[in-house]
Amino acid sequence: MRAWTNVAAALVAVVMGGTAICAAENAPSAILIRNATILTVSHGTIEKGDVLIKDGKIAAVGTSVKAPADAQVIDAAGQFVTPGIIDCHSHIAIDGNVNEASVSVSSMANIADVLNSDDIAIFRDLAGGVTVANVLHGSANSIGGQTIVIKLRWGQPADKLPFEGAKPGIKFALGENPKRSNFRAPGAPDRYPATRMGVEATIRGAFTEAKDYKRSWDDYDKKVAAGEKNVIPPQRNLKLDPLVEVLEGKRYVHAHCYREDEILMLLRVAKEFGFKVQTLQHVLEGYKVADEIAAAGAGASTFSDWWAYKVEAYDAIPYNAALMMQRGVLVSVNSDDAAEATHLNQEAAKSMLYGGMSHDDALKMVTLNPAIQLGIEKRVGSIDVGKDADLVIYNHDPMSAYAVVQKTLIDGRVYFDRDKEIAGRGALEQEKKELLAKEKKAAEKKSDEEKKGEKKPEEKKPEEKKPEEKPKPPQAEGVQGGAQ
Amino acid sequence: MCTSLVAAARLRAQGGEPRSFAIRGAKVVPVGSAPVEDATVVVSRGVITAIGTNLTIPADAWVIDGKGLVVYPGLIDGFTDVGLAPAQSGGAPSGAGGGGQQAPVSRGPEDRPLTTPWRNAADEVNPSDPKIESWRAAGFTTTISAPKGGIFPGQAAVLDLGGERPGDFVVKEPAAIPVSLQTSGGFRNFPSSLMGSIAYVRQVWLDTNWSTQADGAYEKNRRGTERPKYDRTETTLAQALGKHAVVLIPGNTSLQIRRALQLAAEWKLNAVLYGGQMGYEVAPEIAAKKMAVLVDLKWPEAEKDADPEAVPSLRTLRFRDRAPSSAAALEKAGVKFAFYSRGIATAKDILPAVKKAIDAGLSPEAALRALTLSPAEIFGVADVTGSIEKGKIANLVVTDGDLFDKKTKVKMVFVDGRKYEVREPIRPSEPPKGDLTGKWKLTYTTPEGDEESTADLSMATDGTLSGTVSSHRGTGNVFSGYLSGDKFSFMITLPINGSPTDVSFTGTFDGKTMKGSISAMGYTFDFTGTKPSHASLAGGAQ
């Protein structure tokens, strides 16, 4: 673990220094990955297959694919190629607090404003094969902040991270976190809501307000259209704007939840107000209400075998993913954690043990299924002609515990290359040593100067500069006093 | 004594002080035009009236021999709080009504957390701020000073660092609306996250625009329309923007700078970036947006007493190494930039920090411009200050050599045409005998009768003194204080009828009692300082 941290820390600098960015920007327009076992996810496995990438997109998949003469060839004999891993629940790349926890409806806060392209977790997850992450506000609030889907384009500035065209989302949370069960400060008054009933009331209240707000805008638009003059427009409200977007189907709801009762509550409230819950996150009791979830068309994004860390997680079972999938729910496995995300392939594979899920269905839970849940399945999630060349090359089958990522590509660019990163370590360690030595030297010089400076006053007697000098009358030259 | 002191102050301000000077035979570096050797600068009644080589010096001018001296425009500190009274306590949430002492919990943008844009630096000038003199002594005649604390702390003003009354200082108000993206701290008050702060600032700009629009519509159609509410934040911000105050947006690292560029474009504001220390990575991007930058001179450095085991990341090390090269990168990219001292506590550290930027590739010409004409341009006062030009304000700094040379000393400073001597800081020559730390009762007799003061002193091991002296005349911070052997000396500045007046205390310390004299405005009287018991102090001076 420690060694790994060091590697990663050293690697930060490579890319931030610009070398990797340049490498990526100068990526060849065509790349041919040859002789690999290709796990397409959408149409089975191709042994000794090739993937041709042109201008960032997958141009051909199959055996004996012909490539342009200038294509860069990656010989992947004995290796496995999969679509990039998609993490449907991530909190990486956020500058500042993950929660705007002061209010239980914090929909004015937007993760898109605070994407942190310097976060080392981007690199670490990339090294674990993750290419896309659904970056969510935390779960402190009934209605949390706005969320965004990003590509892990490590080394690019923050404004190049968002997944172009992906529908934005908003985080909801139910249960213990929004009612602050485990976060109470002694002596401090409880924040409303403090019960599951209160969480429901908070969501209802917010959407009632949002509907009223929408109506006031509709009325205003009508008046203006009718030619009325001097109409005062409603005041823009950044808290309510995203809720109106949810009502209009322009923004996805990703709802953190655990217990069956709160899951059913949210599905009822959504039906009543006329919006859809796009994904239920964690949803550890989802196996109890899988039919209802499937009927509502909500996706479920869960953990493999992570439970009992609080009361509402006691009824979790590792069969949850497999059971929900059997009842027709679209299921993905997510990380919720930067370290967990580095082995999401293995997290998915656990369902092969718990619930007997097929190899391909398990792989789908971290590729095509989260892509569908995030509405980006036309672009990513499987190896098909025309999709983005977001690919991972493993040395073993990714459902194996021995699988290690060799290369991660996004948009046809190699953003992680294990061999190159390891080879680059020495130079970075050297640079670090030199900079530390330089700082040390400068500090010593400064300290010497300060010592000299302290001796200086011995040359001067304070009597020479008497502070009690009296103002003298103005003279032609060397005038004293001024307007002090 | 009070009456006589006031009379003396008036005498000096009205009659005794020359208002016309000629610096003859100096090297003049005007900024904006080429330096002139052996030149004369004439100033009269606060403005520069002539510059040239063969000038006839007006008969009423006080002539200063400038041989061996260099005359520069007065330096401008692009963002600071020098010259302002200490920040109001609290400053936390206060709504349209405002004024509450205990800040209520802020539950959203409507509670206007950390927002006091109605505070105006021009209204908070404190002529007794001891930093004024130390900044002048470092060559600064002008500051862009802003109230501190909060997301919208208040409006900045351009101040000239000299004058008798607060109003004398103000060159332009408002000059800028500084914005920070700070959080309330803790989880109970909105905003508690960076994204919350950004959302909040965005909401405030929307509200400000809406307020202007709504008020306009309401005035035309008052009957039958629901009245838009009054909001002090919206009103004062709209007024300041209407007076073309620039908006200062923070951005120090590349991540923050790029974000600031985006936010400024989104908010459609006349924005200026402050921070800029990773300019070495993003200068061309700043240039592409034509954004001006205030560069923070408090360069990043290793934490003092940091855990030696905790080795910083390479990125952090690179930042510390390269930050001073940001100014050079901005110069090369063609970005307009100025320097500011805001994180620097003592004025004498400012020019050495500029020197670091020069050592890292910045041209000395650009460095000087970033301390003079560029900030004047950024804050819209270049027509009256920022360079030595006929008709501009007589803000000058006179040195005995190149401004950025370590050995160079500032000899005198002109602010609004008034001449200020630069006092050498006094340092003790001998180890102190005894310790002056503690509370002292100073008793003395003025022409008005017996008086006493309380001195709360603290002495460093080398004998340097700091602290305060209080009496019914006010409280002054101790400066130029020391105990050298058994000799002590310290000064305070007290406002006497609005005019800052130096009061000096000198004498000998026998290990138990201070005996010496107090001098102020030409008057001297003896005093005795004793350390009273707590009981007698409680009923004493205050």
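No value in this document is a laboratory result; all are computed from the given coordinates. This one's a predicted model, so the numbers in the text were calculated from it and none came from an experiment. Ideal geometry is used to build each Cβ from the backbone, glycine not excepted, and the neighbour counts take in all protein chains shown.
Bridging of B:K531 to lysines at a Cα separation below 24 Å is possible for B:K433, B:K439, B:K441, B:K487, B:K512, B:K515, once same-chain residues fewer than 8 apart are set aside. Entry note: the range B:302-360 has Rg to Rh equal to 1.04, where both radii use alpha-carbon atoms and Rh is the Kirkwood radius.
Relative to the dominant Cα principal axis of chain A, helix A:344-353 is inclined by about 30°.
What the Cα atoms of the range B:260-417 give is an Rg and a Dmax of 17.1, 59 Å.
Taking square-rooted eigenvalues a ≥ b ≥ c of the alpha carbon gyration tensor, is chain A rounded, prolate or oblate, where a/c under 1.5 means rounded and, failing that, a/b exceeding b/c means prolate? It comes out oblate by the Cα gyration axes.
For A:K229, the aspartates and glutamates whose Cα comes closer than 18 Å to its Cα, not counting residues fewer than 8 places off in the same chain, are A:D218, A:D219, A:D221, B:D215, B:E219, B:E226. Each Lys or Arg adds one and each Asp or Glu subtracts one; over the other residues with Cβ under 9 Å from the Cβ of B:K531, this totals +3. Packing here is the average count of other Cβ atoms within 10 Å per residue, and on that basis the peptides B:69-77, B:318-326, highest first, run B:69-77, B:318-326. Counted as membrane-span-like here are DSSP H helices of chain B whose alpha-carbon atoms extend 18 Å or more along the helix's own axis and whose Kyte-Doolittle mean is -0.5 or above; these are B:194-220, B:254-267. The Kirkwood hydrodynamic radius of the range A:131-257, based on inverse pair distances between different Cα atoms, is 17.0 Å.
Cross-link partners of B:K172 among lysines, defined as those whose alpha carbon lies under 17 angstrom from its own and excluding same-chain residues fewer than eight positions apart: B:K243, B:K392.
Here, the range A:192-347 is characterised by an Rg to Rh ratio of 1.10, where Rg is the alpha-carbon radius of gyration and Rh the Kirkwood radius. As a proxy for reagent exposure, B:L159, B:L206 were ordered by neighbouring Cβ count within 10 angstrom, fewest first; the result is B:L206, B:L159. Across the range B:214-293, Cα-Cα distances exceeding 17 Å account for 56% of all pairs. Per residue, the Cα convex hull of the range B:272-335 amounts to 76 Å³.
Can you give the angle from 0 to 90° between the axis of helix A:2-17 and the longest principal axis of chain A, with both taken from C-alpha atoms, to the nearest 10? For A:2-17 against chain A, the angle is about 70 degrees. Take the Cα pairs of the range B:173-232, get the Kirkwood Rh, then feed it into Stokes-Einstein at 37 °C and 0.692 mPa s and tell me D in µm²/s. So the translational diffusion coefficient is about 236 µm²/s. Here the simple spin-label model places points 7 Å from the Cα toward Cβ, and for B:D402 and B:T437 these points are separated by 4.3 nm.
If Lys and Arg each add +1 and Asp and Glu each add -1, what is the summed charge of the other residues whose beta carbon sits under 12 Å from the beta carbon of B:D60? Taking every other residue near B:D60 into account, the sum is +2. Axis angle, to the nearest 10 degrees, between helix A:418-455 and the longest C-alpha principal axis of chain A: 20 degrees. Direction-averaged projected area, Cα convex hull, the protein assembly as shown: 49.4 nm², rounded to one decimal. Fewest-first ordering of B:I57, A:I120, A:I111 by other beta carbons within 10 Å of each residue's beta carbon gives B:I57, A:I120, A:I111.
Each of A:E100, B:E430, A:E347, A:E421 has some number of other Cβ atoms within 10 Å of its Cβ, and from fewest to most they run B:E430, A:E421, A:E347, A:E100.
Dipole magnitude for the protein assembly as shown: about 1260 debye, using +1 per Lys or Arg Cβ and -1 per Asp or Glu Cβ, origin at the Cα centre. With 19 Å as the limit, the listed pairs A:K179/A:K310; B:K27/B:K67; B:K131/B:K407; A:K167/A:K211 have B:K131/B:K407; A:K167/A:K211 beyond it between alpha carbons.
Shape summary of the range B:141-248, radius of gyration then Dmax from alpha carbon positions: 17.1, 55 Å. Distance between the C-alpha centers of the range A:301-375 and the range B:172-250? Whole Å please. What the calculation gives is 46 Å, centre to centre.
Over chain B, what portion of Cα pair distances is larger than 33 Å, expressed as a whole percent? More than 33 Å apart: 50 percent of the Cα pairs in chain B. Computed over the range A:60-155, the P(r) tail beyond 16 angstrom holds 63 percent of alpha carbon pairs.
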